[in-house]
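Undergrad: So that we are looking at the same thing, I have put the structure below in structure tokens.
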Amino acid sequence: MRVTIADDSALFRSGLVRLLQEAGIEVAGEARDAAELISLVSADQPDLVIVDIRMPPTQSDEGLSAAREIHSRWPSVGVLVLSTYVDTDFATQLITDEQRGVGYLLKDRVQDADELFDALRRLQRGGSVVDPEVVTRLMGRRRAESPMEQLSEREREILALMAQGRSNQAISDRLFVSERTVESHVGSIFSKLGLELTADDHRRVRAVLVYLGRP
Amino acid sequence: MQRAPWRLTARRVHLAVVAAGVVAGLLDVGVALNNNPHPDARINLLVYMPIELLVGWTFLFVGLVAGRRRPDNRVGLLMSIFGLTWFAFLLQWIHVPVPFFFGSALNGIHLAVLAHLFIVYPRGTPAGRLEKGAIAGIYGWFAFTAISQMLSFGARAENCDGCLTNPFYIPGTSWLHAPFAVVSDYGTLVAAVFVLGIFTWHWLRASTPTRRAMNPAAWTALPVFAAVLAGHLYNVGIITAQVQSVLKPVEWVTFAILPVGLLIGVLRTRLGRAAVSDLVVELSRQQVTGSLRDSLARALGDRSVELALALPDGSYVDSSGRSVTLPASSSGRAVTAIESDGKPLAALIHDPAVDEEDPGLVEAAGSAARLALEKERLQAEVRASLEEVRASRVRIQQAADSERRRLERDIHDGAQQRLVALGVALRLARDHAAYRGDQALVGDLDGAADQLKQALSELRDLAQGIHPAVLSRAGIGPALRILAEVSPIPVEIKDTPSERFSEDVEAAVYFVVSEALANAAKHSGAKRVDVSVRREGASLFVDVQDDGAGGATPAGGSGLLGMADRVAVLGGMVTVASPRGSGTVVHAEIPCA
């Protein structure tokens with residue numbers, strides 16, 4: 001796997017490069033800002049790009065524009081956007097707008113290297129990645145009313161994992177249950193929420209996020 | 001040097017009127033000497049002509065003198081116009097049809113001018129709509145009677161055996177001539193009584209110096225009015241020819257005396273000083289109409305007067321507290337300082353002509369208004385201080401906001417990045433320890449990593465609390481949704497505007513909602529909070545409503561008070577309704593345009 005990273009902190013970049021290299025992931029390039037990232041990717045397309053949202057010059061959302069641009073110009077390149085703060089609207093919008101191979105993680109997750117590598121692998125396969133904190137908050141929004149109340153504890157757990165972009169197999173691994181059990185839970189969740197069941201993982205993530213993010 | 005373009009000024013009009021009047025007077029002399037075969041010519045030459053000339057020219061030149069004294073006062077110009085129109089009847093001496101019949105129609109126009117003069121004497125301008133309407137009505141009435149009589153005069157003039165044909169005659173209307181003449185006479189009687197009434201009313205209301213100016217005009221005007229009234233009463237048959245034959249010569253004499261009365265009035269008291277006295281009377285009666293500036297402008301006869309009030313620090317402000325810069329001496333404006341106990345009180349910025357015409361007038365007016373000025377100055381000082389405090393509050397708030405943004409950015413770019421990098425370093429160290437099989441070290445490093453995560457999470461909350469980055473990036477809606485997500489009580493966001501506002505406004509809305517949610521979570525025991533932010537016109541309306549215990553007061557905690565202060569800086573206001581037992585509604589209105 002070849003990865004290009006973009007972040008304005010040299011300290012963070014060097015740590016991330018070592019972390020990736022020790023895990024046997026090739027770092028194809030390092031960029032300090034969005035413009036440099038675009039020129040690097042345009043010269044040599046990696047499998048994946050890891051980009052911080054907040055970069056010079058405006059320190060607002062340059063990383064996002066860069067991610068969108070990369071995704072539209074080189075659809076085969078997966079993009080993982082890192083953010084210091086949890087921005088639910090922003091994350092939901094990013095994942096539901098783009099087709100596949102897009103992820104949004106809190107920057108802190110990088111130190112849980114296994115989570116990071118897992119996310120990178122899922123993105124490489126064209127899957128989606130949504131930070132668990134984003135999903136927790138989205139689910140927290142709909143506390144008062146609605147079909148969410150009808151979900152069992154286990155179903156909520158599975159819904160959250162689905163929203164994070166995990167496949168049935170990944171969910172079954174994590175919860176120590178069979179994949180068939182997960183499938184039946186997913187069917188039940190979708191019918192309770194009135195959503196149309198789909199085999200495609202990304203479309204499933206989008207459906208769940210759109211449902212949760214709906215005002 | 002380039003000359004200023006020629007303009008039609010009041011002064012040039014005045015000079016033209018006087019010149020025309022002089023020419024008309026000379027024409028009168030010429031006509032009387034040469035052009036009249038009539039037997040009355042000798043009487044004319046010896047008796048009437050000198051009196052005519054005396055009356056007309058006296059009015060012309062007395063008007064000119066009055067006009068020079070007070071260029072902004074129309075009394076002088078009106079007197080000169082009277083002098084000119086006095087000679088209008090002369091046109092009848094020209095034995096050509098058009099001027100002859102014009103002359104006969106214009107025979108009474110000087111009376112209309114006289115009515116105008118007495119309505120506005122001594123101020124020069126009509127006070128109020130009634131007087132304006134009266135003047136217009138009198139001129140209109142005169143025009144109507146003159147034209148109607150001219151058109152119905154008959155086909156030929158009769159005084160020289162039908163020698164002239166009336167070019168304006170409408171055939172078959174000559175029977176209307178006599179009724180028109182009667183109507184005209186009655187109209188003139190009504191107008192004369194009305195003008196006398198207005199003049200008397202002005203006299204009764206005037207201050208003593210103004211009365212002193214009016215008295216000579218009044219005494220000399222009375223016989224004029226009596227003579228005019230008598231003439232028209234005779235015309236309509238109310239008094240007999242015998243009485244009229246006695247009064248007729250008197251009429252001419254009274255007209256000759258009138259300008260002398262007006263002249264004495266003008267000379268005796270300067271109208272400006274009378275106006276200053278009027279100002280004193282007006283101010284002492286507490287009948288100040290409009291502002292003090294307007295009263296001073298009236299007294300000085302200079303509509304451009306500006307009032308600058310002195311502040312203790314030596315600067316000047318206008319009545320509303322806005323800063324005023326005194327014009328330089330080369331600016332074409334004059335500045336007269338008014339002092340009180342040797343300290344500057346105010347400055348009047350005015351047309352330099354006012355002082356040139358009547359030295360000391362401005363100072364006199366300023367001194368007369370000293371008490372009122374002192375009051376106005378104190379009010380302006382308070383307004384200026386308030387304005388300064390308000391501006392300083394805005395500056396303090398903006399400085400605090402920008403400091404918060406800078407702090408958040410420093411935390412983000414500095415500590416947060418370093419700690420995340422440190423987390424990566426810990427992870428690498430842990431991997432090395434695991435590779436070497438040092439389980440104790442792996443455990444220590446895992447513990448350190450957990451602590452670091454906690455620290456990062458707390459730092460994130462801190463930075464978010466100092467300034468929510470999402471507010472700057474995405475505006476009110478997304479920022480409020482994040483507030484709702486982290487609130488311990490379920491929060492329903494009902495409305496949020498999708499448009500963006502200034503940083504101040506967005507920060508204030510965020511602050512209000514954040515404080516209200518914090519209060520609800522801490523004190524109310526609420527199960528649910530509804531938040532709505534709507535734009536209506538030029539304001540944002542923020543409502544935060546909980547279903548808790550109520551009883552929240554601004555005194556209870558600094559939260560509500562801080563909220564009110566924060567919104568007040570932007571010129572908005574916060575109201576809190578919190579009846580015990582039925583929840584709390586925080587309502588804020590924040591100007592956003």
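Undergrad: In nm, to one decimal, how far is the B:L15 label point from the B:A337 one, both placed 7 Å along Cα→Cβ?
TA: 3.8 nm
Undergrad: Charges on Cβ only, +1 for Lys and Arg, -1 for Asp and Glu, centred on the Cα centroid of the protein assembly as shown; of B:A380, B:L176, A:V208, which one is farthest towards the dipole's positive end?
TA: Of the listed residues, the answer is B:L176.
Undergrad: Using only the alpha-carbon atoms, how far is helix B:109-120 inclined from the longest principal axis of chain B? Give it as 0 to 90 degrees, nearest 10.
TA: That works out to roughly 40 degrees.
Undergrad: Here is a further query. Based on the alpha-carbon set only, what is the convex hull volume of the range A:2-130 divided per residue, in Å³?
TA: Numbers: hull volume 11.4 nm³, N = 129.
Taking the convex hull of the Cα positions in the range A:2-130, it is 88 Å³ per residue.
Undergrad: Below 26 Å, Cα to Cα, which lysines can B:K453 reach? Residues fewer than 8 away in the same chain don't count.
TA: Cross-link targets: A:K107.
Undergrad: Would you be so kind as to identify which of B:L445, B:A520, B:S578 lies farthest towards the positive end of the dipole of chain B, taking Lys and Arg as +1 and Asp and Glu as -1 on Cβ and the Cα centre as origin?
TA: Looking along the dipole axis, the top candidate is B:S578.
Undergrad: Would you please name the trypsin sites (Lys or Arg not before Pro) within the range A:53-135 that are DSSP coil residues with at most 14 other C-beta atoms within 10 Å of their C-beta?
TA: Here the trypsin sites (Lys or Arg not before Pro) that fit, given the DSSP loop and packing criteria, are A:R125.
Undergrad: Next question, about the same structure. Tell me, what is the percent relative contact order of chain B, built from C-alpha pairs under 8 Å that lie six or more residues apart?
TA: Relative contact order here is 7 percent.
Undergrad: While we're on this one: Looking only at the range A:166-187, which residues have a backbone nitrogen under 16 Å from a spot 7 Å from the Cα of A:Q150 in the C-beta direction?
TA: Label zone hits: A:185-187.
Undergrad: Cut-off 10 angstrom, C-alpha nodes, Gaussian network model of chain A. Which of A:L195, A:L116, A:L37 fluctuates the most?
TA: Result: A:L195 has the largest fluctuation of those listed.
Undergrad: With Kirkwood's inverse mean 1/r over C-alpha pairs for Rh, give me the Rg to Rh ratio of the range B:472-591, two decimals please. All intermediate terms of the calculation are to be shown ahead of the outcome.
TA: On the way: Rg = 13.2 Å, Rh = 14.0 Å.
Value, to two decimals: 0.94.
Undergrad: With +1 on each Lys and Arg Cβ and -1 on each Asp and Glu Cβ, how big is the dipole of the protein assembly as shown about its Cα centre, in debye rounded to the nearest 20?
TA: It comes to approximately 3020 debye.
Undergrad: Which one, B:G550, B:L117, A:V186, projects farthest toward the positive side of the charge dipole computed for the protein assembly as shown from Cβ point charges (K/R +1, D/E -1)?
TA: Working it through, the farthest residue towards the positive pole turns out to be B:L117.
Undergrad: Any idea what angle helix B:75-86 forms with the longest principal axis of chain B, computed on alpha-carbon atoms, 0 to 90 degrees, nearest 10?
TA: 30 degrees
Undergrad: Above 41 Å lies some portion of the pair distances; for the protein assembly as shown, what is it as a whole percent of all C-alpha pairs? Please report the intermediate quantities before stating the final value.
TA: Values: 198028 of 326028 pairs.
More than 41 Å apart: 61 percent of the Cα pairs in the protein assembly as shown.
Undergrad: May I ask you to derive the relative contact order of the range A:38-122, considering only C-alpha pairs under 8 Å and at least 6 residues apart, and to give it as an integer percent?
TA: Worked out over the range A:38-122, it gives 25 percent.
Undergrad: Computed over the Cα atoms of the range A:134-213, what is the convex hull's projected area averaged over all directions, in nm²?
TA: Average of the hull's projected areas for the range A:134-213 equals 4.6 nm².
Undergrad: Just how far, in whole angstrom, is the range B:504-575 from the range B:303-343 if you go by their alpha carbon centroids?
TA: 44 Å
Undergrad: So which chymotrypsin sites (Phe, Trp or Tyr not before Pro) in the range A:94-194 end up in coil per DSSP with only 10 or fewer other C-beta atoms within 10 Å?
TA: For chymotrypsin sites (Phe, Trp or Tyr not before Pro) across the range A:94-194 that sit outside H, G, I, E and B with at most 10 neighbouring Cβ atoms in 10 Å, the list reads A:F176.
Undergrad: Rounded if a/c is under 1.5, else prolate if a/b is larger than b/c, else oblate: which is the range A:1-46, with a ≥ b ≥ c the root eigenvalues of its Cα gyration tensor?
TA: Oblate, since a/c reaches 1.5 and b/c is not below a/b.
Undergrad: Size of the dipole of chain A about the Cα centre, Lys and Arg at +1 and Asp and Glu at -1 on the beta carbon, nothing else charged, in debye to 20?
TA: The dipole of chain A has a size of about 560 debye.
Undergrad: On to the next question. What's the exposure ranking of B:Y121, B:Y234, B:Y435, B:Y186, going from fewest to most Cβ atoms within 10 Å? Write out the running numbers ahead of the final one.
TA: On the way: B:Y121 24, B:Y234 19, B:Y435 10, B:Y186 14.
In increasing order of surrounding Cβ atoms, one gets B:Y435, B:Y186, B:Y234, B:Y121.
Undergrad: If you don't mind, there's one more thing I want to ask. Return the distance in nm (one decimal) between the two label points of a simple spin-label model at B:I396 and A:D112, each offset 7 Å from Cα along Cα→Cβ.
TA: Label-label distance for B:I396 and A:D112, simple model: 4.5 nm.
Undergrad: Under a plain spin-label model, where a point goes 7 Å from the Cα along Cα-to-Cβ, how far apart in nm are B:A226 and B:S385?
TA: 6.4 nm
Undergrad: Between exposed GluC sites (Glu not before Pro) in chain B, where DSSP calls loop and at most 12 other Cβ atoms lie within 10 Å, what's the longest gap?
TA: Longest site-free region, per DSSP loop and neighbour criteria: B:159-498.
Undergrad: Also, quick follow-up: Once both axes come from the Cα atoms, what is the angle between helix B:208-235 and the longest principal axis of chain B, in degrees from 0 to 90, rounded to 10?
TA: The angle comes out at about 50 degrees.
Undergrad: Calculate the dipole size of the range B:495-593 relative to its Cα centre from +1 charges on Lys and Arg beta carbons and -1 charges on Asp and Glu beta carbons; express the result in debye to the nearest 20.
TA: 340 debye
FYI, it's all coordinate maths here, none of it is from the lab. All figures in this text were calculated on a predicted structure; none of them were measured in a lab. All Cβ positions, glycine included, derive from the backbone under ideal geometry; neighbour counts span all protein chains shown.
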